[in-house]
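Some notes on the structure that comes next.
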Amino acid sequence: MGGKAAEDWVSRGLDPVWTLMILELSQAGLGHSGSSLAALPWPGCDSGFGKETAKKLDAMGFTVLATVLELDGPGALELRACCSPRLRLLQLDLTKPADISRALEFTKAHTTSTGLWGLVNNAGHNNVVADVELSPVATFRSCMEVNFFGALELTKGLLPLLRRSRGRIVTVGSPAGDMPYPCLAAYGTSKAAMALLMDTFSCELLPWGVKVSIIQPGCFKTESVQNVGQWEQRKQLLLASLPRELLQAYGEDYIEHLHGQFLHSLRLALPDLSPVVDAITDALLAAQPRRRYYPGRGLGLMYFIHYYLPEGLRRRFLQTFFINHCLPRALRPGQPGSTPAQDAALDPDPNPGSSPMTAQ
């Protein structure tokens with residue numbers, strides 16, 4: 001995929017002179033140079049997909065403007081050590097309007113001679129894996145602030161440059177934004193909002209020649225996925241913040257069970273990030289990029305089940321694949337008033353309904 005995109009790029013007579021911006025926010029939770037292509041601002045290059053894609057695009061001769069959460073962090077130091085002087089690093093916290101304004105001015109100042117070819121929104125933030133009732137509302141706000149509002153403000157600010165170059169917008173989303181992954185509501189709803197926004201941009205920017213793509217990767221072994229200690233710390237913070245009544249209703253062992261199931265699912269993460277890097281590269285450089293890319297193992301089956309099978313089977317598949325809840329403490333046998341609620345909870349599909357396609 002990445003090689004084919006490079007061939008398309010060369011066949012169109014384009015030199016790697018444009019600038020590419022990669023936006024990346026690495027929290028336990030995302031150019032071109034030579035003749036006259038464009039620059040690429042990139043939010044989210046501290047780790048994972050953003051860092052590896054920045055390396056690849058720099059090696060291809062692009063001028064890359066890569067944003068990181070910390071200029072002296074391990075990811076930033078690695079990029080400085082292995083990339084060419086063309087790559088420029090910029091500190092950016094998408095929750096701070098002043099940082100976003102500074103990033104916009106920095107990008108405009110560094111693309112006056114080359115133009116801006118592409119923007120890669122790679123920021124991803126999530127710090128709670130729990131049922132919606134157990135997740136603080138502040139978690140939903142923080143996910144929306146980083147994954148949606150921050151990326152929205154930055155994208156809008158760079159649209160004049162992208163319209164001028166008839167360039168590309170590439171956003172790294174998540175299947176959790178397309179289907180109800182257990183215990184990922186805060187993260188999933190922010191990614192769903194971002195996907196809908198990108199679909200809207202795709203329609204509205206079509207007359208300007210700007211192409212918009214969304215990357216929906218499977219589970220890959222990025223730095224945040226591998227940081228088990230960080231997830232343990234977040235679990236402890238969640239337990240400490242829960243109201244006593246809520247903790248008694250669900251039980252501490254219920255949250256421990258969710259945590260264990262989540263860590264177990266991460267063992268299936270793929271170590272090779274190249275499918276995602278190739279998808280981002282293709283979306284930036286191919287003559288006719290796809291609207292959606294699905295790099296990762298098993299995503300075709302997952303989406304088939306989600307769109308074509310009954311709701312009960314869809315739910316059970318996600319529970320088997322990701323997190324399978326145990327009964328909350330208040331619903332277990334022997335607890336006051338547990339029997340009727342327990343029967344309802346154990347019913348695998350009291351009203352399965354039909355899939356969207358069947359209803360249609």
Rounded Å value of the spacing that divides the Cα centres of segment 189-264 and segment 80-144:
17 Å
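Using a 1.4 angstrom probe, figure out how much accessible area segment 215-272 has per residue, in square angstrom, rounded to the nearest whole. Spell out each step's value before the answer.
On the way: 3130 Å² over 58 residues.
With the other protein chains kept in place, segment 215-272 gives 54 Å² per residue.
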Pairs from Lys56/Lys235; Lys108/Lys221; Lys156/Lys235; Lys55/Lys108; Lys96/Lys191 whose Cα-Cα separation, in the structure shown, is over 28 Å:
Lys56/Lys235; Lys108/Lys221; Lys156/Lys235
Give me the number: length gained by fully extending Lys108 to Leu239, i.e. 0.36 nm times residue separation minus the C-alpha to C-alpha distance, one decimal in nm.
42.7 nm
Report ³J(HN,Hα) in whole Hz for each residue of segment 127-138, in order, from the Karplus equation J = 6.51 cos²θ - 1.76 cosθ + 1.60 where θ = phi - 60°; Gly and Pro get x.
9, 9, 10, 6, 4, 4, 5, 8, 8, x, 4, 4
Considering only protein heavy atoms, what per residue accessible area in square angstrom results for segment 120-211 with a 1.4 angstrom probe?
37 Å²
Excluding ligands, DNA and RNA, the carbon-plus-sulfur percentage of the accessible area of segment 82-233 with a 1.4 Å probe reads 58 percent
Residue by residue through segment 152-158, the couplings from Karplus 6.51 cos²θ - 1.76 cosθ + 1.60 with θ = phi - 60°, in Hz, x for Gly and Pro, are 4, 5, 5, 4, 4, x, 9
Between Ala269 and Cys326, the FRET efficiency computed from the C-beta separation at R0 = 25 Å comes out, to the nearest 0.05, as 0.60
Simple Cβ-charge dipole of segment 60-197, Lys/Arg +1 and Asp/Glu -1, about Cα centre, in debye nearest 20:
820 debye
Please report the net charge: other residues with Cβ closer than 15 Å to the Cβ of Gly229, K and R +1, D and E -1.
0
Using θ = phi - 60° and the Karplus curve 6.51 cos²θ - 1.76 cosθ + 1.60, what whole-Hz ³J(HN,Hα) does each residue of segment 85-93 get, with Gly and Pro shown as x?
x, 5, 6, 10, 9, 9, 6, 8, 10
Obtain the nm distance between the two label points defined at Ala81 and His257 by a simple spin-label model: each point lies 7 Å from its Cα along the Cα-to-C-beta direction.
4.4 nm
Cα convex hull of segment 276-325: mean projected area in nm², to one decimal?
4.5 nm²
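The values are calculated or read from the model by the stated rules, or taken from the named source; none is laboratory data. A quick note: this is a predicted structure, and the numbers were derived from the prediction, not measured. Ideal geometry is used to build each Cβ from the backbone, glycine not excepted, and the neighbour counts take in all protein chains shown. Accessible surface areas use protein heavy atoms only, side chains included; no ligands, DNA or RNA. Shrake-Rupley method; radii C 1.70, N 1.55, O 1.52, S 1.80 Å.
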